[in-house]
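Where a number appears in this text, it was derived from the coordinates with a stated rule and is not lab data. Worth saying up front: this structure is predicted, and the values here are computed from it rather than measured. Methodologically, a virtual Cβ is constructed for each residue, glycine included, from the backbone with ideal geometry; neighbour enumeration extends over all protein chains shown.
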């Protein structure tokens, strides 16, 4: 396969492994890059010194391109960007912030920049800011998400109508069929998150991986829209949130219930009751924990089978 | 094209024009059936005698198969079902209710029965009830919708894994590309609503059709989840709802604000401020009002072009 995304990142398949907090360390990113796709380290859950170690280990573990995902709402962004340049990382995905803030600075230093958006408005802002590609992520995606609640199926063709740079689809994609479907809708490639949470190489706690495998259709919900919308598994913490919502809480009351470090507790430490278990709706389609290599192999095989299937329509 | 859906309904293309309240009278349904797809009269907004007249006119306006959509939450269902049998309508789509209630009764009288669902659980219930096909409708769809908020992209493959009967995709489909994408995800055919609201033959008020054409990505919202979740354009009425929601309203207070006949006021009478303007997220991709014949022609052309495009992936 050769298309805009393969060429942009110099990878074999136009697939990006999402840089997810508490899941995407050097083991996942290097396994992804070694499997012919683009691996991303998720900087959002790492102190700067931890990120630097992950980058160093990732460089040793793969000769292939990899990148770092930087959610710009977290602290220490200056330090993180300095590490990225010092470590000669050539690809950065930014999210959760204004693409104008860092794009020029990164591009001046030879970095390929991609920005993650959840709406047409922000896709155009990212294009204006000069990014090399846009990830358009739909409502079904896990973790932090947009306020417009536009789904991948509708967001992609709407963004495609107005965008001149490469478009990467995200949200709801765990199979080769979904990959082909999003490309039919105008995507040049896909970013896959949830499927890689349930991989051997993800740094998620084994209990969280099991929770992802067990999750069924309807088990996740987008919540905390007043703070930063996030999709998670409906566990005990979510039930507490639901109860609080019945009282028309202030954002301050929501913040108090949310507290600190719930994402770490849930996804990294395996506290399935009290943690934030961020995962996409497509978890209902994930039934096992596989190696990244096998996941990529399966997706490509499904993609090719789906291409053949279309001939019968 | 020949597949399960074409054969089930004896139609040229595996496309169903959704039977939408205040939009889908005999003019829309017969135009759809005359264009080679399945037209549906929307009984949800019709008194029994009005429905009977629409069926009679539809029979005169087309020789091709057509059906009636019956949302089972509305009153007069017994009378409506009797009319359907008396008028020899051969296809019924049921929604918003238990598929067990009417499926056997209708099938005993020679009717092909399809049930609309928004979750895997209800898809399996419909299959158990003996329906001939299931419409799986995602979160992006306009009008009344499910509580699980599962999007079309994720709902389809999850339902497909467990369903043995034909599967029709709905929600977010207005183009041939989206039609092909949903078939790649496992659908045998598609049901299209919003695109046909903005058709010459829909009975929607011209002002509402214009509002659909003007709607952009992010302009609709799923709301009133405590009563019956409904996706609509964010107008003055929606802003009033938002204000009320800040006070943690009871369902009774929500019902009072909703009042009566807002759907009719918005969609049929053109009160864009105070009416309920039910439409899908895909309205952001609809830019003109066309005849049903042209819409179908465009969709089929897009579908064939998309099939060719895939060969280049």
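What fraction of the DSSP beta bridges in the stretch B:22-165 is antiparallel, stated in percent and rounded to the nearest 5? Of those bridges, close to 0 percent are antiparallel. A crude spin-label estimate for the pair residue A:248 and residue A:200, with each label 7 Å from Cα along the Cβ direction, gives 5.5 nm.
Just so you know, the Rg over Rh for chain B is 0.94, from Cα atoms, with Rh as the Kirkwood radius. In the stretch A:150-304, inverting the average of 1/r over every pair of distinct C-alpha atoms gives 16.8 Å as the Kirkwood radius.
According to the calculation over all Cα-Cα pairs in the stretch B:195-238, the P(r) per 10 Å bin from zero is 25, 48, 26, 1 %. Counting every other Cβ atom within 10 Å of each residue's Cβ, A:51, B:258, B:156, B:106 order from fewest to most as B:258, B:106, A:51, B:156. Global size of the stretch A:113-197: 11.5, 32 Å for Rg and Dmax (C-alpha atoms, Rg to one decimal, Dmax whole). Quarter the surface of the alpha carbon convex hull of the protein assembly as shown and you get the mean projected area, 25.0 square nanometres.
Restricting the count to DSSP beta bridges whose residues both fall in chain A, what percent are antiparallel, rounded to a multiple of 5? The answer is about 20 percent antiparallel. Here the relative contact order of the stretch B:206-282, from alpha carbon pairs under 8 Å that lie six or more residues apart, stands at 39 percent. Between the stretch A:74-133 and the stretch B:242-313, the alpha-carbon centres lie 35 Å apart.
Sorted from nearest, the other copies put their residue A:161 label points 3.3 nm away, the label point being 7 Å from Cα in the direction of Cβ. Between copies, residue B:47 shows label-point distances of 7.4 nm, shortest first, with the point placed 7 angstrom from Cα along Cα to C-beta.
For the protein assembly as shown, the antiparallel share of DSSP beta bridges with both residues in that region comes to about 20%. Computed on chain B, with alpha-carbon pairs under 8 angstrom and 6+ residues apart, the relative contact order is 17 percent. Within the stretch A:64-143, the proportion of C-alpha pairs whose separation exceeds 18 Å stands at 36%. Any idea what diffusion coefficient the stretch B:206-282 gets from Stokes-Einstein, in µm²/s, Kirkwood Rh on alpha carbon pairs, 25 °C, 0.890 mPa s? This corresponds to a translational diffusion coefficient of 195 µm²/s.
Here residue A:3 yields copy-to-copy label distances, from shortest upward, of 2.0 nm, the label point defined as 7 Å from Cα along Cα to C-beta.
Its relative contact order, with pairs defined as Cα atoms under 8 Å and 6+ residues apart, puts the stretch A:233-276 at 44 percent.
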